[in-house]
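Visitor: Please read through the structure below; I'll follow up with questions.
We did not get these values from a lab; they are worked out from the coordinates using the rules stated. Keep in mind that what you see is a predicted model, and the values were worked out from it rather than measured. Cβ: placed from backbone, ideal geometry, glycine included. Neighbour counts: every protein chain shown.
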Amino acid sequence: MLTEEMQSTDRYVVQEIFNSVQGEGELAGKWSSFIRLYGCPLSCPFCDTGYGGIVPQNKIVCNRLTFPEILEQLRSDWVVITGGEPFIHRHKLQSLIYELYKNNKQVQIETSGAFWVELPKDVWVTLSPKEHCTKYVVVPDMWERASEIKLVISSGLELDFYRSYLQSATVPIYLQPEWYGMPETLKITLECLQQFPTAKLSIQMHKYLGLL
Ligand code: SF4
């Protein structure tokens, strides 16, 4: 549980804060404020935030911000904590959520699922597993906790890799073509959707619109 004692007056390590529409998954189209926390150890080959192979690491900026400095930049009551990998910040993540709740914000977290700390039940958890392309296994509790599952499709083998979890999932499942491999990854994703019709397509709407 989040308690007053866990509230931190320390600074949070933030790569960037921006306001835009959520472009992916079940909440696509929703006006949101994004807090991109700094850091991720996974090194996914298709990472577009600087922690893998696509965007150079020297593009990453680490800002050390107090909560009031974060709050003044938020233009939506729906706050998406993303990364990097938010869960590596553990108690700092819990503290950040606590502060957001105190300011009447609702919270979504985007995660690879490779790390875990307890969260309030109404935090929306977007699980995008990367176990198939890194050494980081999804924490079992995360499959239970996820509010939606978003699978990035590069080769199509991802569907088989996660099939047992996907078949038992009771939350929305999205298949999202890997951006840098388009149009081939879109073709593969459409084939995957035929094989797994309970899933839906996620297209990273913000990138088509030229938004952050
Ligand atoms: S988990 Fe996300 S932020 Fe981390 S390397 Fe992979 S794509 Fe990038």
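Visitor: Test Ile153 against the stated conditions and say whether it is away from the ligand (no atom under 14 Å from the Cβ), farther than 20 Å from Leu37 by Cα and buried (at least 19 other Cβ atoms within 10 Å of the Cβ).
Guide: Taking the combined requirement at face value, the residue does not satisfy it.
Visitor: For residues that are away from the ligand (no atom under 12 Å from the Cβ) and within 13 Å of Tyr165 (Cβ to Cβ), tally how many sit in segment 116-137.
Guide: Number satisfying all stated conditions: 1.
Visitor: Test Lys150 against the criterion of being among the basic types (Lys, Arg) and in contact with a helix residue (DSSP H, G or I) (Cβ under 7 Å, 6 or more places away or on another chain), and give yes or no.
Guide: Here the answer is yes, as Lys150 does meet what is asked.
Visitor: Follow-up. Any residue at all in segment 102-123 that is of a type in the set (Ser, Thr, Tyr) and closer than 29 Å to Arg11 by Cβ?
Guide: Yes: one or more hits.
Visitor: Could you please tell me which pairs satisfy a Cβ distance under 6 Å, a separation of 6+ or placement on different chains, a first residue in segment 99-116 that is within 16 Å of Glu144 (Cβ to Cβ), and a second residue that is part of a strand (DSSP E or B)?
Guide: Taking only residues 6 or more apart or on different chains, the pairs are Ile109/Ile81; Ile109/Val125; Gly113/Leu127.
Visitor: Among the residues of segment 116-132, is there at least one that is surrounded by 16 or more Cβ atoms within 10 Å (Cβ to Cβ) and touching a Cys at 6+ places or on another chain (Cβ under 6 Å)?
Guide: Checked against the condition, which is being surrounded by 16 or more Cβ atoms within 10 Å (Cβ to Cβ) and touching a Cys at 6+ places or on another chain (Cβ under 6 Å), segment 116-132 yields at least one hit.
Visitor: I've got another one for you. Can you confirm whether Ile35 is in contact with a Gly (Cβ under 6 Å, 6 or more places away or on another chain), in contact (Cβ under 8 Å) with a residue 40 or more places away in the chain and among the hydrophobic types (A, V, I, L, M, F, W, C)?
Guide: Numbers: in contact with a Gly (Cβ under 6 Å, 6 or more places away or on another chain): no; in contact (Cβ under 8 Å) with a residue 40 or more places away in the chain: yes; among the hydrophobic types (A, V, I, L, M, F, W, C): yes.
Against the criterion (in contact with a Gly (Cβ under 6 Å, 6 or more places away or on another chain), in contact (Cβ under 8 Å) with a residue 40 or more places away in the chain and among the hydrophobic types (A, V, I, L, M, F, W, C)), Ile35 does not qualify.
Visitor: What helices (runs of 4 or more DSSP H) lie completely within segment 125-212 and have 1 or more residues being within 16 Å of the chain's Cα centre (by Cα)?
Guide: In segment 125-212, 140-145, 205-208 are the helices (runs of 4 or more DSSP H) which contain 1 or more residues that are within 16 Å of the chain's Cα centre (by Cα).
Visitor: I'd like to check which strands (runs of 3 or more DSSP E) are fully inside segment 9-85 and have at least 3 residues that are among the charged types (D, E, K, R), away from the ligand (no atom under 13 Å from the Cβ) and crowded, with 16+ Cβ neighbours inside 10 Å. Quick ask: steps written out before the conclusion?
Guide: Values: elements: 12-21, 31-37, 63-65, 78-82.
Result: empty, no element qualifies.
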